[in-house]
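Below is one structure, written out as structure tokens; comments come after it.
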Amino acid sequence: MGERPLRFSEYQTKTILVLEQTEFFEEEPSNLGPIIETFTLYPNPSNGVFNVSIELRETLPVSLKIFGLANNTMIDHRSFQEDTSYTTSYNLNLPSGVYFLILETAYATQLKKIIID
């Protein structure tokens, strides 16, 4: 937890804010293999209207967070409970730029980059 610098090139660095993971339960997964089977974001690039589709190997709650790269602020946070398949739509009025969508489960975290035109 805390701030971490990222170096994109010799002349450009960004600082990202690392937050605590959302608390879930502590049971061990029952099967082997990745818990997140698919994590799809479409269309990308987008005008702020996009969809997210998630498939999990087993029933788990998930958390989706969108952060802006320019200022490290959390723009949106959604939580879903106890399923293996999730689909959600976004209609965000955001300035053009690069954003990150973070998917968290109790056992795995994945990150997707989205470009808003």
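The values are calculated or read from the model by the stated rules, or taken from the named source; none is laboratory data. Quantities reported herein were computed from a predicted structural model and do not represent experimental measurements. FYI the Cβ positions are ideal-geometry reconstructions off the backbone, even for glycines, and counts take in every protein chain you see.
For Phe24, state whether it is modelled with pLDDT under 95 and either at positive phi or of a type in the set (Phe, Trp, Tyr) (or both). So Phe24 fits the description; yes.
Taking region 34-72 as the range and being farther than 12 Å from Thr105 by Cα and of a type in the set (A, V, I, L, M) as the test, the residues that pass are Leu41, Val49, Val52, Ile66, Leu69, Ala70. Within region 99-117, restricting attention to residues that are under 12 Å from Gly68 (Cα atoms) and surrounded by fewer than 14 Cβ atoms within 10 Å (Cβ to Cβ), the residue that is farthest from the chain's Cα centre (by Cα) is Ile115.
The set of residues in region 83-98 being in contact (Cβ under 8 Å) with a residue 40 or more places away in the chain and surrounded by 13 or more Cβ atoms within 10 Å (Cβ to Cβ) consists of Tyr90, Leu92, Leu94. The set of residues in region 59-82 being loosely packed, with under 13 Cβ neighbours inside 10 Å and either at positive phi or in a strand (DSSP E or B) (or both) consists of Thr59, Met74, His77, Ser79, Gln81, Glu82. Against the numbered list (1) under 24 Å from Pro34 (Cβ atoms); (2) part of a strand (DSSP E or B), Val98 comes up short only at (1). What about Glu58, is it under 24 Å from Ile35 (Cα atoms) and out of contact with any strand residue (DSSP E or B) (no Cβ under 6 Å at 6 or more places or on another chain)? Answer is yes for this residue. All of Ile35, Ile16, Ile54 fail the test of being modelled with pLDDT of 95 or more and surrounded by 11 or more Cβ atoms within 10 Å (Cβ to Cβ), apart from Ile54.
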